[in-house]
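What follows draws every value from the coordinates through simple rules; no lab data is involved. Keep in mind that what you see is a predicted model, and the values were worked out from it rather than measured. Glycine gets a Cβ as well: all are built from the backbone with ideal geometry, and neighbour counts include every protein chain shown.
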Amino acid sequence: MDKILRILRNAFCVLVAGLLLLIAVVSICGARGYSVASNSMNPELSKGDVVFVKETPFEKLQKGDIVTVEFKVKDGTTYTHRIVSIDYDKKEIKTAGDKTGLVDTESATADQIKGKVWFSIPLLGYLSLWLTNTDYAAAIAISVLAVMVIGFVAGKVYKNKTRGDKNEHSEEKNN
């Protein structure tokens, strides 16, 4: 049991260190992460993926680039779609999701474009999507707490049992 707990602890530490390293590299490179909340970009991107977006000058954007855009109406809400047309004079783009190919009704202006997708990590966004949903966040917190309590209790029981076994064997040897 001790060996299993040690392996789990080490795996957790490696995972946390890896995530911290990823966050550091992304931050140093000036990128931001966004969770994909729908399947509109299938098969390129799926719900639950995280896209890392780097700010890109409007002049360097091209038809076919995947960009993250902030809605005009819903402040702070974003979507990630492919550029299907670009007007460099008006500094506007038209976007569409890959799944349907239907062009979005609203054009996006240069100031709405958060950046061009640099890379993505599948499934990592589910954590963010779950944590922004209070029901899931509560369930995750309760689950983590339960695992910690079970691990603590199991560790204590195992240590007491091991100590008891050692004491019994040493008494038998003394008799």
Hey, which of these cross-link pairs are over 21 Å Cα-Cα: 72/94; 60/114; 47/91? 47/91
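For an R0 of 25 angstrom, estimate the FRET efficiency from the Cβ-Cβ distance between residue 119 and residue 72 and round to the nearest 0.05.
Once the sixth-power term is evaluated, E becomes 0.40.
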With θ taken as phi - 60° and the coefficients 6.51, -1.76 and 1.60, list the Karplus ³J(HN,Hα) couplings across the range 27-34 in order, rounded to whole Hz; mark glycine and proline as x. 5, 4, 7, x, 9, 10, x, 9
Would you list the P(r) distribution for the range 31-123, with all Cα-Cα distances sorted into 10 Å bins from 0 and each bin expressed as a whole %? 18, 55, 26, 1
Return the FRET efficiency for the residue pair residue 88, residue 22: r is the Cβ-Cβ distance, R0 is 41 Å, and the value is rounded to the nearest 0.05. 0.75
Length gained when the stretch residue 4-residue 110 is fully extended (0.36 nm per residue, less Cα-Cα span): 32.9 nm
Between residue 44 and residue 150, with labels modelled 7 Å along Cα→Cβ, what's the label distance in nm to one decimal, could you check? 4.1
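Quick one: compute the contact order of the range 31-123, relative version, from alpha carbon pairs under 8 angstrom and 6+ residues apart, as a percent.
34
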